[in-house]
Amino acid sequence: MAIPVKLEVFEGPLDLLLHLIDKNKIDIYDIPIVVITEQYLDYIKNMKTDDMNIMSEFLVMAATLLDIKCRMLLPKEINEDGEEEDPRSELVQKLLEYKIYKYMSFELKDRLLDSEKLLFKRATLPKEVENYRHPVDYDDLIQDLNLSKLHEIFKSIVKKQEDKIDPIRSKFGKLEKDEVNMDQKMSYVEQYILSNKRFSFRALLEKQCGKMEVIVTFLVILELMKVGKIHIQQDDIFEDIIITTA
């Protein structure tokens, strides 16, 4: 009778590799690839899952480990700086990044649990306190204020408001957005092409009413050229662009 073995559940192949490195007390910068590969393959042999997406991730990593193992047996490659390249360097970088994210998730989880322990109490002041307003003595407030002083205060307030007005931008007219329908412009340009088998791009743009229409027309021409409905020709960099039907 076979003895049932319960395997630990790992979030992915990198999680399993980190577990094997910690279990064997291995320096992550100097991974004994042969030992780790054997232990990794033993684990996936005992995996029991019907989810091919999960299984494929572990198999891809297994193939990566075998590839690194084979490259370790070959003469080491030399990079542009004349240094020997370590086939394990890319894997080490991925493991370090995954380890950082993993411990960051633990920290965020701890903070979430701690936040559940915080309780807040709303202010519960008596209505008498909330409704209390400090009494105002209008005679003391006005004192020797007269009409002349009120006029001076009013003029100073008006001046402050005028100073806030931008002397340049305040003279700008109302900016209105040009609404140009892309589909309608496409139909217009296609009809123009049917009527003019060969025409100047400048002549087409000069028929547009505004900057936005020029931009949309230019985009339509690019799209028609992309799908092969028109051909573009320009003899020189400063010459006019000639458009012909395909």
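Please treat every number below as a calculation from the coordinates, not as lab data. None of the values given here were measured: they were computed from a predicted structure. A quick note on method: Cβ atoms are made from the backbone with ideal geometry, for glycine too, and the neighbour counts reach across all protein chains shown.
Computed values, structure above
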quantity	calculated
Spatially proximal aspartates and glutamates relative to K121 (Cα-Cα < 14 Å; intrachain offsets below 8 disregarded)	none
Shape call, the stretch 182-245: gyration tensor on alpha carbons, a/c limit 1.5	oblate
K48 paired with I241, simple spin-label distance in nm, labels 7 Å along Cα-to-beta-carbon	6.6
Karplus-derived HN-Hα couplings along the stretch 79-87 (A = 6.51, B = -1.76, C = 1.60, θ = phi - 60°), whole Hz, x at Gly and Pro	7, 5, 8, x, 9, 6, 8, 8, x
The chain: calculated mean residue ellipticity at 222 nm from DSSP helix runs of at least 4, using -39500 (n - 2.57)	-17500 deg cm²/dmol
Rounded to 10°, Cα long-axis angle of helix 147-163 versus longest principal axis of the chain	40
Whichever aspartates and glutamates have a C-alpha closer than 20 Å to that of K197, once near sequence neighbours (fewer than 8 apart) are set aside	E206, E223, D235, E239, D240
Cross-link partners of K155 among aspartates and glutamates (Cα-Cα below 20 Å; sequence separation of 8 or more within a chain)	D144, D163, D166
Geometric extent, Cα atoms of the stretch 19-131 - Rg, Dmax (angstrom)	24.7, 88
Pairwise label distance in nanometres, I78 with K102, each label 7 Å out on the Cα-Cβ vector	3.8
Among 124-130, 240-246, 86-92, the order from most to least packed when residues are scored by Cβ within 10 Å on average	86-92, 240-246, 124-130
Inverse of mean 1/r across different Cα pairs in the chain, Kirkwood, Å	29.2
Sparse-neighbourhood loop sites, chymotrypsin sites (Phe, Trp or Tyr not before Pro) in the stretch 175-246 - DSSP loop, at most 15 other Cβ within 10 angstrom	F238
Of K23/K102; K45/K76; K69/K109; K23/K76, pairs whose Cα-Cα distance is over 25 Å	K45/K76; K69/K109; K23/K76
In order through the stretch 69-76: 3J(HN,Hα) via Karplus (6.51 cos²θ - 1.76 cosθ + 1.60), integer Hz, x for Gly, Pro	4, 5, 5, 5, 7, 8, x, 5
